[in-house]
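One structure is given here, and the rest of the page talks about it.
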Amino acid sequence: MTRNLAVWLLLLLLTVIVAGPVASETVRLEDDHGTYMVPVRINGQMTIPFVIDTGAADTAIPADVFLALLRTQTVKDSDFIGTGSYVMADGSEHSSNRFVLRELQVGDHIVRNVIAHVVPVKGDPLLGQTFLSKLPSWTIDNVKHLLVLQDAPIGGGLTGSGREIGIKQGVAFFGRCRYQLVAGFFPCSEMVAYTVLKNGRSLLSFWNDEALFTLSGGKDRQPNLENYYLSIDTLSMKPKDKPEATDHGMEGECQFRSNRDATRFFDIKCDVYNRAKGSLYNFYLEKIRKFNRKEF
């Protein structure tokens, strides 16, 4: 494959990322005597249910819950940022301690540095706009009682808009590529693109003359220095001259195998499936001879 063709394919890949459908995640709401609440993990240590309150400016923590956060050192004295005032539903105004929650996690989405304040010992913890405004996009499915989180569409610096495309890191791997969709393996391009986006998701793309295949996920694990695993939840297929098809029901993972200091990669193996549809897909890049972080 010539260098010009490789660059063109990378431009095509990034265009598909820009124009393709956004990935979404659903989080089931918990029924607490008729009030539906979303579980939120605070600073990676404690998970408690919150009520989503679009009318609240700040995120609010009842005093008894706040004391539990202090006792477990989930929140520390260094997180205090002073005293502020807030208005109750009855119109009365009260002063309150304000502090920073370093990390709030809902599902796989993490929001950092959320300003919150302490309210009297009554009611439930509330997620206000200091948290909600930092989410890319969200809706509530009142029928299925789900919080639906969607990754924001990525602005297309390569599509002429001049906005940042949202890429944090890009790596091109070169080796022997093959894939299997139904039965039997087929060859694919010797170059495979691995892209880390600024929204925390990662994409791994394989292609040939007929189609572009993009596996994406938001979780990873590293049991040892020689193995890196990327959990996959979405598979997109863009056939030549046909609309893109995306399956958000995928499971499985891609394994990157390297030497101990990651100066040499040996292979990348992706085994993913859709349990409901009974479909299985395999994408392999073997005998990797080089990788280049400057291809993008």
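The values are calculated or read from the model by the stated rules, or taken from the named source; none is laboratory data. Since the structure is predicted, the reported quantities are computational estimates derived from the model, not experimental observations. Virtual Cβ from ideal backbone geometry, glycine too; neighbours counted across all protein chains shown.
Looking only at the stretch 245-265, which residues are outside any strand (DSSP E or B) and either farther than 18 Å from Gly217 by Cα or without any contact (Cβ under 8 Å) to a residue 12 or more places away in the chain (or both)?
Asn259, Arg260, Asp261, Ala262, Thr263, Arg264
Being closer than 23 Å to Pro136 by Cβ and surrounded by fewer than 21 Cβ atoms within 10 Å (Cβ to Cβ) is true for just one of Thr263, Thr246, Thr214. Which residue is that?
Thr246
So is Glu190 at pLDDT below 75 and either assigned by TED's automatic domain parsing to the domain that holds Leu285 or among the acidic types (Asp, Glu) (or both) or not?
No; evaluated as a whole, the condition is false for this residue.
So, in the stretch 131-140, how many residues would count as being in contact (Cβ under 8 Å) with a residue 24 or more places away in the chain, within 15 Å of Gln105 (Cβ to Cβ) and either among the hydroxyl-bearing types (Ser, Thr, Tyr) or not in a helix (DSSP H, G or I) (or both)?
The qualifying residues number 2.
Let me confirm something: among Leu215, Leu285, which residue is under 22 Å from the mean Cα position of the chain (by Cα) and touching a residue at least 60 places away in the same chain (Cβ under 8 Å)?
After applying the criteria, what remains is Leu215.
Among the residues that make up the stretch 137-155, is at least one of them modelled with pLDDT of 85 or more, within 22 Å of the chain's Cα centre (by Cα), of a type in the set (S, T, N, Q) and under 29 Å from His248 (Cβ atoms)?
Within the stretch 137-155, not a single residue is modelled with pLDDT of 85 or more, within 22 Å of the chain's Cα centre (by Cα), of a type in the set (S, T, N, Q) and under 29 Å from His248 (Cβ atoms).
Consider only pairs whose beta carbons are under 7 Å apart and that are at least six residues apart or on different chains; among these, list those whose first residue lies in the stretch 53-72 and is over 18 Å from Asn113 (Cα atoms) and whose second residue is basic (Lys, Arg).
From residues that are over 18 Å from Asn113 (Cα atoms), the pairs are Pro62/Lys122.
Only strands (runs of 3 or more DSSP E) wholly contained in the stretch 1-97 count here; list those with 1 or more residues that are buried (at least 17 other Cβ atoms within 10 Å of the Cβ) and at pLDDT below 85.
24-28, 80-87
How many residues, within the stretch 225-263, are of a type in the set (Phe, Trp, Tyr) and in contact with a Pro (Cβ under 8 Å, 6 or more places away or on another chain)?
Counting residues in the stretch 225-263 that are of a type in the set (Phe, Trp, Tyr) and in contact with a Pro (Cβ under 8 Å, 6 or more places away or on another chain) gives 1.
State all residues of the stretch 266-296 that are among the charged types (D, E, K, R), surrounded by 14 or more Cβ atoms within 10 Å (Cβ to Cβ) and part of a loop (DSSP other than H, G, I, E, B); if no residue qualifies, say none.
Residue satisfying the conditions is Glu295 alone.
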